[in-house]
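**Student:** Mind having a look at this structure? Questions to follow.
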Amino acid sequence: QGTRDHPPAQAALRERLLSAVVSCFKRHGAAAIDTPVLELRETLMGKYGEDTKLIYELQDQGGELLALRYDLTVPFARYLAMNKVTNMKRYHIAKVYRRDNPATTRGRYREFYQCDFDIAGQFDPMIPDAECLKIVHEILSDLQLGDFVIKVNDRRILNGVFAVCGVPESKFIPACSTVDKLDKVPWEEVRSEMVGEKGLSPEAADRIGEYVQLHGGLDLIERLLQDPKLSQNKLAKEGLGDMKLLFEYLTLFGITGKISFDLSLARGLDYYTGVIFEAVLLQQEKEHGEEPASVGSVAGGGRYDGLVGMFDPKGRKVPCVGVSIGIERIFSILEQRLEASGEKLRTTETQVLVATPQKHLLAARLKLISELWDAGIKAEMLYKKDPKLLKQLQYCEDRGIPLAAIVGEQELADRVVKLRDVATREEVRM
């Protein structure tokens, strides 16, 4: 349950999708790494907030308690700490595992790919963060998925909001994971969970509601910097200052049209310490004037400056910021689109089929195809001694092979090959 096989057409679409993502990561100067699918259980525990229960734990194997990796960020932090790496720009594309209730129609699985890009190292504020947002913008524009918005917030601003609204510090993380549900459920439900399950006072919840329903751009940042309560909070002030800087850089990149500073964005994971962001696809507008509805998150990430220090025996910190592209959800959307359009996706890259029109010419085909392979040309032939020419040409049409190289008795005598364009049926002798 929650896993899937990928037949050739899906595998071909996946490859096309992943290569677009990888070329963007490489364009930004990232190197690839790989880590084991297994991690020590203690490496993963306590890093994912409420989602820790979704970690696949394995039985004790010879004294080691192991688990399957839940994401690619925690293994990356462990890798940096173990190898004492303090500066790195990397990408990693690999499968991760979650013991989730699968919703396969929405692209939620128990085994799925993640595509991560991260920048680790001590740099000036918000420059790497801005590049991560630029990458999300590039990938989503490149894949032509339709309209999208990238929501941005900062954990320090959220924690500042909780503090000035009278939430005790011990309840910041639980309050955060509740606020994170605002994109799926109305404020009333979020409020009742805060009061009922998370034990906040109704007054605190109402005060939080005044802030977390705000979204905008630079104007909102300026307004909150003037807010009498928030401006007194050191954390919130820092976060808002950085957010203003981030928006200046995003303006220079020319992408603020798709960016929304959104105070309801919390992201459920424990390890974020600063800027957080999430890209959401928008459905095309329903009725005139109605706001476009969201299809769901297709990328997310943020800054996690404390994670590497958790794995370092001396607690040495390596600041990091990164983004994960939700490749499964994007894949589901593209797959549905392909089905709807009825377009057939080629599953192989064969350039030419070596064909013969008469009997007893297998030797000629084998010699020619061998020459083509040795020259690096992608070629196929039918595995029959004497196939009919019509059958061979039909095979080209079915598979989308553009050319047929035909060698008959006449061609052999003239030492030429007849090259046929399958679509136009034009032929040339070479």
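The values are calculated or read from the model by the stated rules, or taken from the named source; none is laboratory data. All values derive from a computational prediction rather than experimental measurement. Every residue, glycine as well, gets a Cβ built from its backbone with ideal geometry; the counts of neighbours run over all protein chains shown. Accessible surface is based on the protein model in full, side chains and every heavy atom, while ligands, DNA and RNA are left aside. Shrake-Rupley method; radii C 1.70, N 1.55, O 1.52, S 1.80 Å.
**Student:** Restricting to segment 111-129, give me the number of residues that are outside any strand (DSSP E or B), among the charged types (D, E, K, R) and open to solvent by less than 50 Å² (accessible area, probe 1.4 Å).
**Tutor:** Initial filter on segment 111-129 (outside any strand (DSSP E or B)): 121-129.
Retained after the next criterion (residues that are among the charged types (D, E, K, R)): 124, 129.
With the extra rule that they be open to solvent by less than 50 Å² (accessible area, probe 1.4 Å), the set shrinks to 129.
Adding up the residues that qualify gives 1.
**Student:** Of these, S177, S170, S141, S192, which one is in the same structural domain as D227 (by the TED database), among the hydroxyl-bearing types (S, T, Y) and closer than 27 Å to G257 by Cα?
**Tutor:** Details: S177 fails: closer than 27 Å to G257 by Cα; S170 fails: closer than 27 Å to G257 by Cα; S192 fails: closer than 27 Å to G257 by Cα.
Criteria check complete, one pass: S141.
**Student:** Considering only helices (runs of 4 or more DSSP H) fully contained in segment 130-211, which possess at least 2 residues that are without any contact (Cβ under 8 Å) to a residue 60 or more places away in the chain, over 19 Å from the mean Cα position of the chain (by Cα) and at negative phi? I'd like the intermediate steps shown before the answer.
**Tutor:** Numbers: elements: 155-164, 172-179, 187-196.
Output list reads 172-179, 187-196.
**Student:** Hey, among the residues in segment 11-35 that are part of a loop (DSSP other than H, G, I, E, B) and of a type in the set (V, I, T), which one's nearest to T347 (Cα to Cα)?
**Tutor:** The first filter runs over segment 11-35 and keeps only residues part of a loop (DSSP other than H, G, I, E, B), leaving 28-30, 33-35.
Next, only the ones that are of a type in the set (V, I, T) stay: 33, 35.
On the way: I33: 28, T35: 29 Å.
Step by step, filter segment 11-35, then rank; the result is I33.
**Student:** Sticking with this structure for a sec: Filter segment 358-417 down to the residues that are exposed (fewer than 11 other Cβ atoms within 10 Å of the Cβ) and among the aliphatic types (A, V, I, L, M), then identify the one that is nearest to L345 (Cα to Cα).
**Tutor:** Only one residue tops the list, namely L390.
**Student:** Assess whether Y91 counts as being of a type in the set (F, W, Y), touching a Phe, Trp or Tyr at 6+ places or on another chain (Cβ under 8 Å), modelled with pLDDT of 90 or more and open to solvent by 20 Å² or more (accessible area, probe 1.4 Å).
**Tutor:** Details: of a type in the set (F, W, Y): yes; touching a Phe, Trp or Tyr at 6+ places or on another chain (Cβ under 8 Å): yes; modelled with pLDDT of 90 or more: yes; open to solvent by 20 Å² or more (accessible area, probe 1.4 Å): yes.
Against the criterion (of a type in the set (F, W, Y), touching a Phe, Trp or Tyr at 6+ places or on another chain (Cβ under 8 Å), modelled with pLDDT of 90 or more and open to solvent by 20 Å² or more (accessible area, probe 1.4 Å)), Y91 qualifies.
**Student:** Further, regarding this structure: Going through segment 61-84 one residue at a time, which ones are assigned to a loop (DSSP other than H, G, I, E, B) and under 21 Å from I135 (Cβ atoms)?
**Tutor:** D71, L72
**Student:** Hey, another quick one. When you go through E291, E287 one by one, which is the residue that is modelled with pLDDT under 90, open to solvent by 80 Å² or more (accessible area, probe 1.4 Å), assigned by the TED database to the domain that holds V318 and under 20 Å from V212 (Cα atoms)?
**Tutor:** Working: E287 fails: under 20 Å from V212 (Cα atoms).
Exactly one residue qualifies, and that residue is E291.
**Student:** Report the residue count in segment 235-278 for those that are open to solvent by 20 Å² or more (accessible area, probe 1.4 Å), β-branched (V, I, T) and not in a helix (DSSP H, G or I).
**Tutor:** Here the count works out to 1.
**Student:** Then there's this: Consider L17 against the criteria (1) modelled with pLDDT of 90 or more; (2) open to solvent by 20 Å² or more (accessible area, probe 1.4 Å); (3) out of contact with any strand residue (DSSP E or B) (no Cβ under 7 Å at 6 or more places or on another chain); (4) of a type outside the set (S, T, N, Q): it satisfies all of them except one. Which criterion is unmet?
**Tutor:** Against the list (1) modelled with pLDDT of 90 or more; (2) open to solvent by 20 Å² or more (accessible area, probe 1.4 Å); (3) out of contact with any strand residue (DSSP E or B) (no Cβ under 7 Å at 6 or more places or on another chain); (4) of a type outside the set (S, T, N, Q), L17 comes up short only on (2).
**Student:** Taking T350 and the conditions (1) outside any strand (DSSP E or B); (2) β-branched (V, I, T); (3) more than 30 Å from V407 (Cβ to Cβ), which numbered condition does it fall short on, given that it satisfies the others?
**Tutor:** Failed condition: (3).
**Student:** Here's another thing I want to ask about it. I'm trying to understand the selection: among the residues of segment 59-115, which are within 26 Å of L17 (Cα to Cα) and among the polar types (S, T, N, Q)?
**Tutor:** As a first pass, look at segment 59-115 and keep what is within 26 Å of L17 (Cα to Cα): 68-76, 88-115.
Of everything in segment 59-115, those that are within 26 Å of L17 (Cα to Cα) and among the polar types (S, T, N, Q) turn out to be T73, N101, T104, T105, Q114.
**Student:** Here is a further query. Which pairs do you get when a residue that is modelled with pLDDT of 90 or more, found in segment 327-355, comes within reach of a residue that is open to solvent by 40 Å² or more (accessible area, probe 1.4 Å) and among the basic types (K, R), reach meaning Cβ atoms under 7 angstrom, with the pair 6+ apart or on two chains?
**Tutor:** T348/R399; E349/K378; T350/K378; T350/R399; Q351/K378
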